[in-house]
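Where a number appears in this text, it was derived from the coordinates with a stated rule and is not lab data. Worth saying up front: this structure is predicted, and the values here are computed from it rather than measured. Cβ atoms come from the backbone with ideal geometry, glycine included; neighbour counts cover every protein chain shown.
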Amino acid sequence: MSSPHAHPRPAEPPESRLASFLGVFRYSHRALALVWQTSRLLTLGLALCTLVAGILPAVAAWIGQLIVDAVVAAMEHHEATGQVDWWGVLRYVLAEAGVITAIALAQRGLSAQQSLLRALLGQKVNVMILEKAGTLSLEQFEDSEFYDKLTRARREASIRPLGLVNKTFGLAQNAISLASFGVLLVQFSPWALLVLMIGALPVFISEAKFSGDAFRLFRWRSPQTRMQMYLETVLAREDSIKEVKLFGLEPLLLERYRSIFDTLYAEDRRLTLKRETWGFLLGLLGTLAFYGAYAWVVAETVTGRLTLGEMTMYLMVFKQGQGALSASLTAIGGMYEDNLYLSNLYEYLEQPVPAEQGTLTKGASPGDGIRFEGVGFTYPGAESPALSGISLHLEPGGSLALVGANGSGKTTLIKLLTRLYEPTKGRILLDGSDLRDWEVLALRRRIGVIFQDFVRYQMKVGENLGAGDVAAFEDEARWREAARRGLAEDFIADMPGGYHTQLGRWFKGGQELSGGQWQKIALSRAYMREGADILVLDEPTAAMDAAAEAAVYADFREHSLDRMTILISHRFSTVRAADWILVIDGGEILEQGHHESLMAANGRYARLFRLQAKGYE
Ligand SMILES: Nc1ncnc2c1ncn2[C@@H]1O[C@H](COP(=O)(O)OP(=O)(O)OP(=O)(O)O)[C@@H](O)[C@H]1O
């Protein structure tokens, strides 16, 4: 693992100042489109409330002016005649109350619609992310950058898109308010308006610029944040804590966690200080313009060019204008993070998916079995091939065992056969047709598989079996049959809820199983695939006791009459029973034959077999 300092900063694409200024809006339209697709009604409601909440403050200020002027007129009238026209004054107060009520209503409407949209949108984005995940290849999952995009997209799916929409709408609302204040102010003096606008511009530009910088900083540091997330998982998850405790890894990992934070924090601090200093200095310019215009209004009132009512209105406009301005700055400040999230989300969602072209549901010569013809494979990014020159033929009813040292390519061969990867050389045929021409679903229906690293689903026992055949996911009779063959029947019967016992520790009442018991569950899961005539077993009994192992292989021989079985095992006692044995070394076939012929040849197989047999003597 490299230190957090070691990641080179990628070259930044040259961006024009304008593009960088507009950068905070780069995903607004997409977020808006997403919200629109989620609920048109709520989006329209949101827009309407934004408009109302944007315009009405200016209307309130204008009515404020009418009130004060009406009061002054009524006072003069009262002094001259002794009479009061109550309605002439109070109607404005009533109108103002109405406007304020409408503002409150619009704001409530905004927050209600926002929380409804948050729930809907979170669900929608999560489903989009998971649906996409289903279409991706194993290769994509194994790519760390890509995996990073996926996890980050998932983590913040429910808040970010709406956050961006809310801030964009909030910005629009404040912009509308500012524009309507401008309409009032322009009657006083277009110059005053111009001075105010010019005064506010620098702080806006600096805010947008620093937001862009923060955006790039966040993107660049993604590998470190990912490492931090990983360390959190290792330090605080039940499946790793056992080993972390016993090896005393906590201080070491925690130190690494801290040092990543320190690097990131130093950068954050630099940017934050720069951003706030500039924000303050440029903000001063705005404040200066603001109070200059204010003083001007006061002076004009004193000399009688403005009425008291007008002065009250401008006073309000100034106060609220200032509020709208600082709210806009805050919104812009928060938008970069939302943008970051959305850029990540869309990069993930737009990841090209390898096209599945195959359509065959039946091979050209049914009954021909599996053929590898000069198959070679190199993992993406790897320098040397994991497999090369593999040719073999396995007929229905036959069994094939793969033997070889760790890393020799056995599991890779299985991944190719199950089409998790495609060969980079040669081809694999099933019933006379290239695997690439097969419809993926039809192909996978024919294969029952148990991998070395099978999944321990935190679900019911029965569902853990049912996962092997989605069509029979809830079928209890089939669960029982599969469990019987996979030797899981007895211990399941002893569990408190039988087949309905929750497994794993994540959920209340969940039971943990031993390694061998889990393996029996996985084996039973492979047996769920009744229609499968290809059975792939990658170390299926490594964790089982000797009696269970013997029973498993006895069952195999009995049931695999018209099936093809491919077995990977390091135990020669089980390998020897296979019809054909392939000894793989460094991705190539070293020897092949049945047990007797390989023993007679006295090569690698015979040597290893004798070595193991000796161990048992
Ligand atoms: N996802 C992967 N990406 C890149 N290289 C891989 C990947 N999986 C395996 N390899 C490499 O391919 C080679 C073959 O690995 P494979 O898993 O097929 O070995 P194996 O024979 O099944 O070993 P074992 O007996 O330990 O299970 C190894 O050198 C391994 O490092």
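The helix-only estimate of mean residue ellipticity at 222 nm for the chain, built from DSSP H runs of length n ≥ 4 each weighted as -39500 (n - 2.57), is -21500 deg cm²/dmol after division by the residue total.
Shape call for region 496-612 from the C-alpha gyration tensor, a ≥ b ≥ c root eigenvalues: rounded (a/c under 1.5), prolate (a/b greater than b/c) or oblate? Prolate is the answer for region 496-612, as a/c is 1.5 or above and a/b outweighs b/c. Ellipsoid fit via the Cα gyration tensor, region 29-349: semi-axes of 52, 24, 16 Å, each the root of five times an eigenvalue, largest first. Every Cα-Cα pair of region 285-336 was included, and the share exceeding 19 Å stands at 38 percent. Dipole orientation for the chain: of the candidates Q173, I589, S399, Q173 has the Cα lying most toward the positive pole (charges on Cβ; Lys, Arg +1; Asp, Glu -1).
The ellipsoid equivalent to the alpha-carbon distribution of the chain has semi-axes of 72, 27, 22 angstrom, derived from the gyration tensor eigenvalues as √(5λ) and listed largest first.
Measure up K460/K520; K410/K614; K209/K274 against 18 Å on the Cα-Cα distance and list the ones that go over.
Numbers: K460/K520 15 Å; K410/K614 25 Å; K209/K274 11 Å.
Those over the limit are K410/K614.
Think of the chain as having a plus end and a minus end, set by charges on the Cβ of Lys, Arg, Asp and Glu; of L138, G466, G45, G45 sits farthest toward the positive end of this dipole. Only Lys, Arg, Asp and Glu carry charge here, each on its Cβ (+1 for the first two, -1 for the last two); on that basis region 87-185 has a dipole of about 460 debye about its Cα centre. Largest first, the extents of the alpha carbon coordinates of region 22-138 on the three principal axes equal 91, 29, 15 Å.
Farthest toward the positive end of the dipole of the chain, out of F247, A482, M227, is the Cα of M227, where the dipole comes from beta carbon charges about the Cα centre.
Using a Förster radius of 51 Å, what is the FRET efficiency between Q83 and L51 based on their Cβ-Cβ separation? Nearest 0.05, please.
Details: r = 42 Å, r/R0 = 0.82.
It comes to 0.75.
Rounded, prolate or oblate: which fits region 461-556, taking a ≥ b ≥ c as square roots of the Cα gyration tensor eigenvalues, rounded meaning a/c under 1.5, else prolate when a/b beats b/c? Oblate shape, in that a/c is at least 1.5 and b/c is the bigger or equal ratio. Simple point charges give the picture: +1 on the Cβ of Lys and Arg, -1 on the Cβ of Asp and Glu, and for region 29-349 a dipole about the Cα centre of about 540 debye.
Decide, for region 123-266, between rounded, prolate and oblate: order the square roots of the alpha carbon gyration tensor eigenvalues as a ≥ b ≥ c, take rounded if a/c falls under 1.5, and otherwise choose prolate if a/b is larger than b/c, else oblate.
Details: a/c = 3.57, a/b = 2.13, b/c = 1.67.
Prolate shape, in that a/c is at least 1.5 and a/b is the bigger ratio.
Working value for region 361-452: equivalent-ellipsoid semi-axes of 22, 15, 13 Å, each the square root of 5 times a Cα gyration tensor eigenvalue, largest first.
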